[in-house]
């Protein structure tokens, strides 16, 4: 018994997604561009490759579905009964059978379309030189055939494509043919004769009754009959090129004569439709006469409903719908939408909808005014005030009033300042401004440096004499300040080490008296002990780590990230300097004997 693993079965997409998957794969894995000037065989191979690749993709997908799904006769009866309960065995078999049928039909469709690509429905244009063949093919197709007012402009076959009833037709423009013996025709004329002889196409014979082509109507008619005799074919449609003044119309009868003008485009489409319709009918008739027609007709089934009895059953429309339609018809006129206005004013690309016409403003003339929304990074509407000019005038008046009163005319403790006080105030302000200027100059020059110890002050600017002079200028007594500074100063001269070890014994108690006042000096000169530093992995409040382990991991990652930077001798994370990878003195010239080690 076969063991199935249902979990490994491929998911089956729905029909729309299935088609999208196949077409997307075809577009990705096959060529997509047809270059201008490719040969007809290359174009045919281009499209046939796409059709064949699409068929193979469908075949693989459907075969995978059929092979992966289990067969009812192979797996356990439990699964068979469970499948019958959940889905129904008959439906399961029918679904797999339909997939197999679809796979076979896809193969047949591929073969059919490959035949269509090899044998395309063709319209062949022939006639005397300079009768309008190239102009006609330029009108009904996207071909760009050169048109000139002289004969034999077209020297080879030109192909264009057109559509009729959702079917593709190819139109072939042949060079002009002259009415002369077969042996006397040149290579250009033989191209047309070869196309007429070997291509099963609807032939359009062009005849110019105006005579502007340089050949009379009798000569053109003789060419028509000689072509029929030489090639031995049946003409499917004949067209006539008329001058502008004739104005002939296309006929729908069984005749083979149609009139047209490529200059005014009268009857051009009628000629194309007549030729395509006759060619299509001929192909349908040939298929109806084939041996496989019975198999094809059996596929069509037209279901016609049969009356159950003689009772007439008219369509039933609910009364509410009838009342709603009546109210809608009797109601007010429909409001014109932007779509209606667009259709009335020239359509898309011509009509431009106005987005400002529904603005609610005090004056309708303001709707079309140019108003900037953003100016210098600010929203203009945030600064729009109706009485902005009035406020500006009030501010200017207040400013002029304050300037007239003066900045120094104010009262202090209810009394006005005297002349001496005003002079002192002016000197203080002047001194303050000078200090600010000196500070800015120092800050902008090399003097802007950290504070240095006074022992490094070579110019001796910070002295007690200077401080006394400054305090005296301010009217203060500098004596107490100088004494206080001098009492705190420490002698820069260090204590000398005693030379004799017996000095204590000789001096006795005097030595004790001498050392007692120097205890403070000893404490100051003694170096302070350094406090114990924090362990590197210990968490300090405010660092943002949860515990020591997290901090250790962070430090480890930081060191690891810096390792490559340090190895490359980078100054920091922003160092992006690329050194000379190939120094010229090491990579120029030959590597002669004795230079291989260092080059």
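Bear in mind these aren't lab numbers, they're just calculated from the coordinates by the rules spelled out. Just so it is clear, the structure is predicted and the values come from calculations on it, not from any experiment. Using ideal geometry, Cβ is built from the backbone for each residue, glycine included, and neighbour counts are taken over all protein chains shown.
Brief remarks follow.
- Across every pair of non-identical alpha carbons in the range 60-209, the mean reciprocal distance, once inverted, gives a Kirkwood radius of 20.1 Å.
- 5 Å binning of all Cα-Cα separations within the range 6-115, expressed as whole percents from 0 upward: 2, 10, 16, 18, 16, 11, 9, 7, 5, 3, 2, 1, 0
- Ranking of 113, 366 by neighbouring Cβ atoms within 10 Å, starting from the fewest: 366, 113.
- Rounded to the nearest 5, the antiparallel percentage of DSSP beta bridges internal to the range 62-219 is 45%.
- Cα-based convex hull volume of the range 283-406 per residue, rounded to whole Å³: 409 Å³
- The ranking of 11, 51, 350, 271 by Cβ neighbour count inside 10 Å, starting from the fewest, reads 11, 350, 51, 271.
- Taking other C-beta atoms within 10 Å as the exposure proxy, 169, 150 rank 150, 169 from fewest upward.
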